[in-house]
Each structure stands twice: as C-alpha cells, then as structure tokens.
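Student: If you scroll down you'll find the structure; I have some questions about it.
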Amino acid sequence: MRQRKPIVAGNWKMNKTVAEAIDLATAIKRELGDCKDVDIVLCPPFTALKAVSEAITDTHVDLGAQNMHWEKSGAYTGEVSAEMLRELYCHYVILGHSERRAYFGETDEIVNKKTKAALAANLQPIVCIGETLAERESGRMTEVITTQVRGSLADLSPRELVSSIIAYEPVWAIGTGRTASPEQAQEVHALIRSLLRELADDAVAQSVRIQYGGSVKPANARELFGQPDIDGGLIGGAALEARSFIEIVRGAI
Ligand code: PEP
C-alpha cells in the first residue's frame, strides 16, 4: 500500500482564457470530481483563478496558483500575496518553477521567503527544484539538488516540511518531450528524501510528497508514479487538454 497520497497538479502556465479555463476545469471535474485516491490540483493563470474556483466548488479537485509574493501587501506592482490567493480558495501555490528561476531571477533565497509566507497563510507550497542539462552532464546534479533543497526549504519546522510538496523537475525535461527515465527520476527523488531526513528526521522524510515533472504523458505516467519515492506529478503541456490530464491522474491510482 502507498504510504503517501499521490498528488497530481496541472500547471497551465500562461495559457487559457477565462472561458477556456472554465471548459477545461468542467471537463476534468466531470470525470474526477469525486476522486479520493489522488489529490488533484489545477493551477490556472491568476486571471482564471476565480472562475476555476467556482467551476470546481464542492468537488475533490483543488485550486493552486503558479506564483505569489512573500509580503502580505504593499508597493509591489504586479504581484499578489498569499492572502489574496487564499481569498480565491487556493490551497496550493507553485513556487520556484524553473521558468521563474530562469526568466524572473528567482533564487533559492527568494523561493524560501515565498515558501515561508505561503505556509504562514495556510497555502501548501509546491516547491520546484531541478538541474539543467549542463549541470547533469558535468556531474553536478547531486550538488545542485542539494543546494536547492537546503536553500529553498531552509529553516522550516518539521510540521512546515510535512505541509510542503516538492516537485523534482529536471529542466532538460520540461516541455522538451524528453522525460527522465523512471530510474533516473527515482534516483533523484531518493536523494531528495535523504536530504529531508537530514533537515528533519526519517518520519518527516517519509511523509513529504515529492512530485516528478517534465514531459509527463499518459503513456509514461504510470511507470513514473509507480517508483517508490515518486508521489505523483506536476504536469505542464499535457495538463492543457482534459483527456490527457485525466489519464495521467488515473496513472497515479
Ligand atoms: C512544468 O512546466 O512544470 C512541466 C512539467 O512542463 P511539461 O509537462 O510540459 O514538461
């Protein structure tokens, strides 16, 4: 029996108008609205959060955002706070996605501040980490993952760690069609779990859910999610279409 409940989240990125978002959320909830075996999270762009929140009311499908600021309020043009996301019934927030790290300068320190702010507001952070192809090929994967885990999760209490979700997303596998093999992914997930053990203890390490992300498709989801330390996935491209997302979720059951 699985020790941790799998969690599959769809990261819609900068895609979907409000009308398209409602259509997609409605199609997903029609088939998965009463699924209790997997935590299912939809992460539309900010502009569609309210509409998707309404579309999935009274179902087992949850809402997540793709980013937030660490401050509660203030002169931060263009930003939104954790409290604002909670107001729209978000339960999760993706933090430190590799696109935010690469294009918007997010560092482990910033991700750490956001993670703490999300937890303080009762939002479950989905903290993304992952190495680039150059880092993997130069033999630096372990060092990069270790630095990201320690930096992004610095100073979290055991309880806060257990409320956090980690998404291992090798940058070379995101949107490229190139998936990590189940063995490659499992190796890094086991490394992340051992780092959690160092940050807290074995009970905490065994409780934290670690998602895999990077070109997950219906055809490879079940094998990836079947690895002992892989607890579901963070899905990009394949989450934009109801049928493929539904099949991926079923791969986690
Ligand atoms: C992502 O961006 O989080 C992601 C995993 O994308 P894709 O599934 O398209 O590789």
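The values are calculated or read from the model by the stated rules, or taken from the named source; none is laboratory data. Just so it is clear, the model here is predicted, and its values are computed rather than measured. FYI the Cβ positions are ideal-geometry reconstructions off the backbone, even for glycines, and counts take in every protein chain you see.
Student: Applying the selection to the range 102-136, what residues are in contact (Cβ under 8 Å) with a residue 12 or more places away in the chain, crowded, with 20+ Cβ neighbours inside 10 Å and either part of a loop (DSSP other than H, G, I, E, B) or within 14 Å of the ligand (Cβ to nearest atom) (or both)?
Tutor: Residues satisfying the conditions are 123, 126, 127, 128, 129, 130, 131.
Student: Hey, another quick one. Within 17 Å of the chain's Cα centre (by Cα) and polar (S, T, N, Q): which single residue out of 244, 157, 207 fits that description?
Tutor: 207
Student: Could I ask something else about it? If I go through the range 162-185 residue by residue, how many of them are more than 14 Å from residue 227 (Cβ to Cβ) and away from the ligand (no atom under 16 Å from the Cβ)?
Tutor: 3
Student: Next up: Among the listed residues 47, 77, identify the single one that is among the β-branched types (Val, Ile, Thr) and touching a residue at least 24 places away in the same chain (Cβ under 8 Å).
Tutor: Result: 47 is the single residue among 47, 77 that is among the β-branched types (Val, Ile, Thr) and touching a residue at least 24 places away in the same chain (Cβ under 8 Å).
Student: Can you find a residue that is over 22 Å from residue 32 (Cβ atoms), buried (at least 19 other Cβ atoms within 10 Å of the Cβ) and either away from the ligand (no atom under 15 Å from the Cβ) or not hydrophobic (A, V, I, L, M, F, W, C) (or both) anywhere in the range 241-251?
Tutor: No: zero hits.
Student: What about residue 202, is it more than 16 Å from the ligand (Cβ to nearest atom), of a type in the set (D, E, K, R) and free of Cβ contacts under 8 Å to residues at least 12 places away in the same chain?
Tutor: yes
Student: Take residue 185 and decide whether it is part of a helix (DSSP H, G or I), modelled with pLDDT of 95 or more and in contact with an Asp or Glu (Cβ under 6 Å, 6 or more places away or on another chain).
Tutor: It is false that residue 185 is part of a helix (DSSP H, G or I), modelled with pLDDT of 95 or more and in contact with an Asp or Glu (Cβ under 6 Å, 6 or more places away or on another chain).
Student: In the range 8-38, how many residues are surrounded by 15 or more Cβ atoms within 10 Å (Cβ to Cβ), among the basic types (Lys, Arg) and not in a loop (DSSP other than H, G, I, E, B)?
Tutor: The number of residues fulfilling the criteria is 1.
Student: Look through 84, 14 and report the one residue that is closer than 21 Å to residue 169 by Cβ and either of a type in the set (A, V, I, L, M) or touching a Lys or Arg at 6+ places or on another chain (Cβ under 7 Å) (or both).
Tutor: Only one candidate passes the filter, namely 14.
Student: Something else now. Would you point out which residue out of 193, 197, 209, 243 is at pLDDT 95 or above, touching a strand residue (DSSP E or B) at 6+ places or on another chain (Cβ under 6 Å) and of a type in the set (D, E, K, R)?
Tutor: 209
Student: Out of the residues in the range 208-239 that are within 11 Å of the ligand (Cβ to nearest atom) and part of a loop (DSSP other than H, G, I, E, B), state the one that is farthest from residue 128 (Cα to Cα).
Tutor: 217
Student: While we're looking at this one, here's another question. Would you confirm whether or not the range 145-161 contains a residue that is within 16 Å of the ligand (Cβ to nearest atom), over 21 Å from residue 191 (Cβ atoms) and without any contact (Cβ under 8 Å) to a residue 24 or more places away in the chain?
Tutor: No, the range 145-161 contains no residue that is within 16 Å of the ligand (Cβ to nearest atom), over 21 Å from residue 191 (Cβ atoms) and without any contact (Cβ under 8 Å) to a residue 24 or more places away in the chain.
Conditions (1) among the acidic types (Asp, Glu); (2) in contact with a helix residue (DSSP H, G or I) (Cβ under 8 Å, 6 or more places away or on another chain); (3) surrounded by 19 or more Cβ atoms within 10 Å (Cβ to Cβ), marked per residue:
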{"residue": "40", "(1), (2), (3)": "no, yes, yes"}
{"residue": "44", "(1), (2), (3)": "no, yes, yes"}
{"residue": "62", "(1), (2), (3)": "yes, no, yes"}
{"residue": "72", "(1), (2), (3)": "no, yes, no"}
